[in-house]
1. Magnitude of the Cβ-charge dipole of the chain, K/R +1 and D/E -1, about the Cα centre, nearest 20 debye?
2. Just the Kirkwood number for the chain, please: inverse of mean 1/r across all distinct Cα pairs, in Å, one decimal.
3. Determine which lysines satisfy two conditions relative to Lys271: a Cα distance under 28 Å, and not lying fewer than 8 residues away in the same chain.
4. Starting with the fewest neighbours, write out Lys215, Lys153 ranked by other beta-carbon atoms found within 10 Å of each beta-carbon.
5. May I ask you to compute the full-extension gain from Gln189 to His382, defined as 0.36 nm times their residue separation minus their alpha-carbon distance, rounded to one decimal in nm?
6. Antiparallel versus total DSSP beta bridges in the chain: what percent is that, nearest 5?
7. Round to the nearest 0.05 the FRET efficiency obtained for Asn356 and Ser17 when R0 = 35 Å and r is the Cβ-Cβ distance.
8. When averaged across all projection directions, what area in nm² does the alpha-carbon convex hull of the range 32-281 cover?
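Quick note: the coordinates plus some simple rules give every number you see, no bench work behind them. In this text, all values refer to a predicted model and were calculated from it rather than measured experimentally. So basically every Cβ, Gly included, is an ideal-geometry build from the backbone, and we count neighbours across all protein chains shown.
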Amino acid sequence: MPKHPLITLVQNKLLLSSLAEKYGTPLYIYDKEQLVHNIQRLNSILKKYFKSFHICYAVKANNNPHLLKTLKKAVPTLGADCSSPGEIHIAGQNGFEGNDCIYTGNYESPEDLKCALDFGAHINLDDIQSFHRLQKIGLPNSISFRLNPGFGKGAFAQITTGGEDSKFGVPHYDIVHAYELAKNAGVRQFGIQCMTGSGVLDSNYFPNLMIEMLKTVKKLKDQLNIDMNFISMGGGFGIPYTEDDFPLNFDEVFAGVAKNFHAYFNQRQEKFPALWIEPGKSVVGDSAILLTRVTGKKESYKSYIGMDAGMETLMRPALYGAYHRIYKVGSADAPKNTSVDITGRICENTDRLATNRDFPHVEEGDLLAVMDVGAYGFSMSHQFCTRPRSAEILLDGETASVIRKRETIQDIFRQCYD
Ligand SMILES: Cc1ncc(COP(=O)(O)O)c(C=O)c1O
């Protein structure tokens with residue numbers, strides 16, 4: 001199995017102990033080199049297969065402004081995929097121009113739509129009703145709709161965003177009508193978007209999704225004479241979370257997508273749109289660890305290891321039953337001789353970061369590293385049980401800088417008083 005890219009960091013007990021001492025735990029630690037590697041790798045693979053392409057980093061995966069700046073510096077053409085006024089705000093503050101960004105909301109309020117319109121983002125509508133709401137505010141030059149092709153694929157049912165059970169997108173049988181409305185209302189430039197799930201590790205899925213999208217592109221051309229300026233496949237590119245997962249072969253993914261894409265437009269001798277993607281997890285996911293300290297051990301009907309990080313620090317295990325590798329700092333290879341549940345300090349029985357996990361012997365005070373927490377880690381963290389959110393630091397080699405201070409109890413209550 002390929003080694004985890006941050007395993008050397010996990011083995012560096014001296015460094016991690018000193019960071020825990022200085023900044024406290026739980027602590028999100030990002031590795032700049034890995035982050036830059038991830039975004040530049042995607043950019044160069046796309047460059048290999050597409051004349052015209054655009055990457056919009058999905059800000060919902062991680063909105064830290066210092067990480068946004070780092071990504072933008074690494075790939076200056078980078079855009080942002082935003083899903084709320086807050087994400088538009090932070091993208092705009094960190095050098096992302098509206099025209100380089102896509103806004104995909106769902107059930108957007110008029111205020112949400114106005115914010116996206118004012119920012120000048122490409123507005124990607126989730127529904128025909130969204131178009132009617134937008135029309136009352138103003139019409140952008142360019143519009144796309146999110147297609148729900150009637151199927152989807154995701155690592156969990158909860159993050160499968162296409163299909164008949166999904167709240168997202170325009171069903172394939174309504175999509176021509178949606179574009180017809182927009183065209184008749186005076187919209188002149190079009191794109192199309194389709195994002196059917198997150199955490200996909202099957203490299204064949206994306207080329208097949210492109211074939212499905214092209215069926216709709218064909219209908220729109222044949223029935224409405226609409227040419228697409230861009231086709232966005234959304235995000236969804238998975239990363240290995242378990243010891244048994246193999247990383248997605250991006251070369252294979254985009255060679256396959258490009259083959260279907262080019263075959264279609266070459267055959268029809270039509271204008272080539274740009275290929276857009278909106279990756280989140282595959283950009284930031286494996287670039288961070290969560291450093292946490294063992295606060296208690298308990299032998300009950302099961303064996304428990306309690307830590308100062310719980311479901312409030314990292315929601316994914318409680319929310320989806322997601323698996324994250326957890327290592328004892330400095331002893332990633334230690335023999336795993338007991339089966340334990342690894343939990344936090346929250347008053348909920350769903351508060352587990354791991355269940356029935358074979359794990360090495362640990363003592364109170366030991367440091368553990370939870371892997372692959374860069375995406376949907378801090379961004380989903382919260383203050384349940386009045387636990388302040390953790391700090392975030394960025395490592396450049398072994399040099400750390402604080403990119404988000406630890407919240408205080410006073411911060412939690414700041415809005416309760418005048
Ligand atoms: C519209 C849209 N684009 C992109 C993404 C990013 O997905 P991922 O982090 O799986 O790459 C999401 C995630 O939910 C999304 O809803």
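1. Around 620 debye, computed over the chain.
2. The Cα-based Kirkwood calculation yields 22.5 Å.
3. Straight-line reach from Lys271, under 28 Å: Lys47, Lys48, Lys51, Lys183, Lys215, Lys218, Lys219, Lys221, Lys259.
4. Ordered by Cβ neighbours within 10 Å, fewest first: Lys215, Lys153.
5. 65.5 nm
6. 40 percent
7. That pair, Asn356 with Ser17, gives E of 0.75.
8. Value for the range 32-281: 12.5 nm².
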